[in-house]
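Working notes, structure below.
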């Protein structure tokens, strides 16, 4: 990858989910797709805390759909919404916690023309400004569900750390339970965020 970028190790994800969600901000999500490499800086995330979190998929127990959440940290959890779109999460904490971080928005950096073609969208701030949009722009297939984000085709890299004062903490979007929990995080002033 780019000079100075460091691959995030599995141990990065095997920690408190809220902390991981915050520390993923400013890192780079990269997918080595068959059509070319695409990626961007993570500017928005949401934490889902497992059984204690009523909005989390794992809160009602293990199913075929959410089984990846009950595995080791540092794996892709990809699920379908509205029967057509997909969202990308990375598993966190200990397996018995069954938690994950939803990647909500990216600032496109690599493979921007390919992203534009996939989205049919020329406006760069609209390419990855939402969880389903970024999966479509990056061309991530659902078959990558369960793959390692350390060894698989989707990886995360750190360049420099984001300072706490750069992070806005607020409530999550598009959920009906635990709506007031402050578990959405985004980079202040970034135009690629899905919603301020």
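Points worth noting:
- For segment 1-59, Kirkwood radius (reciprocal of mean inverse C-alpha pair distance, Å): 13.4 Å
- For the pair segment 56-92 / segment 168-192, the C-alpha centres are spaced 19 Å from each other.
- Rel. contact order, % - alpha carbon contacts under 8 angstrom, at least six apart, the chain: 28 percent
- For segment 6-187: rounded, prolate or oblate by the Cα gyration tensor [a/c cutoff 1.5]: rounded
- Cβ crowding within 10 Å ranks 179, 20, 162 as 179, 162, 20, fewest other Cβ atoms first.
- Listed by Cβ neighbour count within 10 Å, with the fewest neighbours leading, 140, 78, 124 appear as 124, 78, 140.
- Among 33, 148, 11, 58, the order by Cβ neighbours within 10 angstrom, fewest to most, reads 11, 148, 33, 58.
- Most mobile of 143, 23, 166 in a GNM of the chain (Cα contacts under 10 Å): 143
- Gain on full extension, evaluated as 0.36 nm per residue between residue 85 and residue 147 minus their Cα-Cα distance, stands at 20.4 nm.
Bear in mind that the values in this text are calculations on the coordinates, not laboratory data. Fair warning: this is a prediction, and the values are worked out from it, not measured in the lab. When we count neighbours, we look across all protein chains shown, and the Cβ atoms used for this are built from the backbone with ideal geometry, even at glycine.
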